[in-house]
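A.B. asks: After the structure tokens below, expect a handful of questions from me.
The values are calculated or read from the model by the stated rules, or taken from the named source; none is laboratory data. Bear in mind that the values here come from a model prediction, so they are computed numbers and not experimental data. Using ideal geometry, Cβ is built from the backbone for each residue, glycine included, and neighbour counts are taken over all protein chains shown. For accessibility, only protein heavy atoms count, side chains too; no ligands or nucleic acids. Shrake-Rupley method; radii C 1.70, N 1.55, O 1.52, S 1.80 Å.
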Amino acid sequence: SMEPILDRGNLYLLYVGAVDPLVRGSGEALDRMKRRISERNLAGRVIFAGYRRDVPRLMASCDLLAHPTRVDAFGLVVVEALAAGLPVVATNAEAIPEVLWDTDSELVPAGQPESLRRAILRTLGRPPKMAGQAMTRGRLRASLFRRERRAEQVISLFEDVASGHL
């Protein structure tokens, strides 16, 4: 629950993404969350944006990306956040620690909401100079992933040409 964070100041939560019908119980979990938010009169502070095609634009209006996932094979959303200059707080699941290596991002264990809340508040409370340094490091890290991806695409193209698929 992010309620203690919402109680601390002028903060809003933006949930982006659609319910995955292949993940059993995810629709029910979302319904429970919406009911709880409504019961606690937090509906004006929590926005469920659903599936969006303009995620970079949304990230530009945010102060932080919280990514408390248990499963993430690559961490694309984390790379996008770093490229947008957002500080990241994420769980140390699967590929996330590798993606966030050498950044000032915060990693917390999955399934520990209090650790997540503390990390979010620490990150939001950084002095401006520290926040600026973190933004620079994050963007540098994101740029490495862009270069690696381009290199993989070129190698794949060469392999296709060499095998006669093109």
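A.B. asks: Which translational diffusion coefficient, to the nearest whole µm²/s, is obtained for the stretch 1-120 from the Stokes-Einstein equation, given a Kirkwood hydrodynamic radius over C-alpha pairs, 10 °C and 1.306 mPa s?
C.D. replies: 104 µm²/s
A.B. asks: Can you tell me how the stretch 1-54 classifies by the Cα gyration tensor, rounded, prolate or oblate, using a/c under 1.5 as the rounded cut?
C.D. replies: oblate
A.B. asks: For the modelled label position 7 Å from the Cα of Val23 along Cα-to-Cβ, which residues of the stretch 80-104 have backbone nitrogen atoms closer than 20 Å?
C.D. replies: Under 20 Å, as judged by backbone N against the label point of Val23, lie 80-82, 88-100 of the stretch 80-104.
A.B. asks: Once amide H atoms are placed 1.01 Å from N in the peptide plane, what residues at a sequence separation of 5 or more from Val46, or on another chain, have their amide H within under 5 Å of its amide H?
C.D. replies: Under 5 Å from the amide H of Val46 lie the amide H atoms of Leu13, each far enough along the sequence or on another chain.
A.B. asks: Continuing with this model, one more query. What is the packing order of peptides 129-139, 48-58, taking the mean over residues of other C-beta atoms within 10 Å and listing the highest first?
C.D. replies: Top of the packing list down: 129-139, 48-58.
A.B. asks: How long are the three semi-axes of the equivalent ellipsoid for the stretch 35-100, computed from the Cα gyration tensor as the root of 5 times each eigenvalue, in whole Å, largest first?
C.D. replies: 24, 16, 11
A.B. asks: Write down the accessible area per residue of the stretch 1-143 in Å², having rolled a 1.4 Å probe over the full set of protein chains.
C.D. replies: I get 62 Å² per residue for this part.
A.B. asks: Assuming R0 = 30 Å, can you tell me the calculated FRET efficiency for the pair Arg40 and Arg118, based on Cβ-Cβ distance, to the nearest 0.05?
C.D. replies: With R0 = 30 Å, the Cβ-Cβ based efficiency is 0.90.
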